[in-house]
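Participant: Quick one: this structure, given as structure tokens, is what I'll be asking you about.
Just so you know, all these numbers are worked out from the coordinates, no wet-lab data involved. Note that the structure is predicted; figures quoted are calculated from it, not measured. Cβ: placed from backbone, ideal geometry, glycine included. Neighbour counts: every protein chain shown.
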């Protein structure tokens, strides 16, 4: 998917793809339609979640794990996301309920910025 697409269009397309596969994906916080940063909450349905934030690294969109690629207690993930949306009301928060922790967006995940 072209990373120049507006945030709302990218999110709508990925929700449709995940829904077709039977994976619930929900918008928890609606951000700026054109350029809001996207955060993903990967709810593993076992009391843990991982948070990914969309960043641009060397000209490429990637997902950066907020917890070094490891799930954290869901309440910690929720608190982190609340802080992000308190700071940036234009940000999007998408919750994906997937026991396998898949993010359903085409970009790769990185655990840290080297």
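Participant: Given the DSSP H assignment, sum -39500 (n - 2.57) over each helix run of at least 4 residues in the chain and divide by its residue total; what's the result at 222 nm in deg cm²/dmol, nearest 500?
Facilitator: -8000 deg cm²/dmol, from helical runs alone.
Participant: Among 46, 78, which comes first, then next, by fewest other beta-carbon atoms within 10 Å?
Facilitator: Neighbour counts put them in this order, fewest first: 46, 78.
Participant: Here's a follow-up. Using packing as a proxy for protection, rank 51-59, 23-31 so that the peptide with the highest average count of other Cβ atoms within 10 Å comes first.
Facilitator: Descending packing order for the listed peptides: 23-31, 51-59.
Participant: Suppose we keep just the DSSP beta bridges with both residues in the stretch 7-100; what percent of those would be antiparallel, to 5?
Facilitator: 75
Participant: If a paramagnetic tag sat 7 Å from the Cα of residue 32 along the Cα-Cβ line, which residues of the stretch 71-109 would have the backbone N under 18 Å from that point?
Facilitator: Taking a point 7 Å out along Cα→Cβ of residue 32, the residues of the stretch 71-109 whose backbone N falls under 18 Å are 84-94.
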